[in-house]
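Note sheet for the following structure.
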């Protein structure tokens, strides 16, 4: 493909741990070009640019002018500012989750994109996991029956740096990992979460935010879900975490483990076990759909919208409110 025919994407901030994943899949897709990275932390931005063979932009306005679409992977508290700037430049946006640290910021971001006529999408790549999509198909076909309950986990490793700063991240493990499953619940079952009860604690690490959370969620049709959203995986865990669901319906039970497309290999050469992944790259499929948005093809993909991001954030914030009030709260 001619370089001029490629969709030119720029990344605003390399703060998030997923930024390198997105840069990698952009470089892997023939139809995309990572033209540059801007970061207010020049060392971080330049390091990312060297690692992924692209340009570091010290002027974000120049990157916004030259890119066709923008990916935002900053600290969560700065999403609003960067989304507003990108929308004013007329660029479609893929923003890291959670959408923001407050519902007010989320509303501002959604409205700014609406007024500028650009699309705001939130990075919920687990919508592209084959096991998750198969579950959605079974539910939509009526094979599960009426939803009774869901037992779910989204465990992860302890993320570094600003993730442990409530002002920048909006919270700890509950903010970081609740939104993934809530988004999938809404997408798969086509129901809203109406009530939340949460227990949280800092039990595993010497940090100032919570690293453990257990949520009970009620669906609008009366079913319920439990969610363990803790930072409880060891540093050597082969993925950033896990994502599991056991869905109970009137017609039966279905289990999903989204990261089981792999195998463990053992060798005396490296004196340990290695996890070899062979499955679908959900980040890559999400980026491929975003490229279609930028090209104006309006895909019928699984991209989450700004409104989806806001709905997921509302549940996470309700969980914190439940902890403060020590009772179930309405979303």
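The values are calculated or read from the model by the stated rules, or taken from the named source; none is laboratory data. Because the structure is a prediction, the values reported are computed rather than measured. Glycine gets a Cβ as well: all are built from the backbone with ideal geometry, and neighbour counts include every protein chain shown.
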> Could we say that residue 258 is at pLDDT below 95, under 15 Å from the mean Cα position of the chain (by Cα) and under 30 Å from residue 199 (Cβ atoms) here?
Replying inline: yes
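Here's the yes/no breakdown for (1) under 20 Å from residue 258 (Cα atoms); (2) crowded, with 17+ Cβ neighbours inside 10 Å:
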| site | (1), (2) |
| --- | --- |
| 201 | no, no |
| 220 | no, no |
| 225 | yes, yes |
| 238 | yes, no |
> Restricted to segment 298-331, and to residues that are out of contact with any strand residue (DSSP E or B) (no Cβ under 8 Å at 6 or more places or on another chain) and assigned to a loop (DSSP other than H, G, I, E, B), which residue is nearest to residue 199 (Cα to Cα)?
Replying inline: 326
>> Within segment 273-297, take every residue that is part of a loop (DSSP other than H, G, I, E, B) and in contact with a helix residue (DSSP H, G or I) (Cβ under 9 Å, 6 or more places away or on another chain) and give me the one that is surrounded by the most Cβ atoms within 10 Å (Cβ to Cβ).
In response: 281
> How many residues does segment 79-104 contain that are surrounded by fewer than 22 Cβ atoms within 10 Å (Cβ to Cβ) and over 23 Å from residue 8 (Cα atoms)?
Replying inline: 3
> Which of the residues that make up segment 179-209 are closer than 24 Å to residue 95 by Cα, assigned to a loop (DSSP other than H, G, I, E, B) and touching a residue at least 24 places away in the same chain (Cβ under 8 Å)?
Replying inline: 191, 192, 209
> Residues in segment 104-115: is at least one closer than 20 Å to residue 247 by Cα and more than 20 Å from the chain's Cα centre (by Cα)?
Replying inline: no
>> Of everything in segment 160-178, what is closer than 14 Å to residue 312 by Cβ and outside any helix (DSSP H, G or I)? Give them in sequence order.
In response: 170, 171
>> Can you pull out every residue in segment 252-272 that is touching a residue at least 24 places away in the same chain (Cβ under 8 Å), in a strand (DSSP E or B) and more than 21 Å from residue 24 (Cα to Cα)?
In response: 252, 254, 256, 257
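If the requirement is being crowded, with 20+ Cβ neighbours inside 10 Å and touching a residue at least 60 places away in the same chain (Cβ under 8 Å), which of these qualifies: 34, 12?
12
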>> As an exercise: evaluate residue 130 against (1) crowded, with 16+ Cβ neighbours inside 10 Å; (2) farther than 14 Å from residue 247 by Cα and give the number of the one condition it does not meet.
In response: (1)
> Looking at segment 26-145, what helices (runs of 4 or more DSSP H) fall wholly within it and have at least 1 residues that are touching a strand residue (DSSP E or B) at 6+ places or on another chain (Cβ under 7 Å), under 13 Å from residue 309 (Cβ atoms) and not assigned by TED's automatic domain parsing to the domain that holds residue 172?
Replying inline: 79-88, 103-116
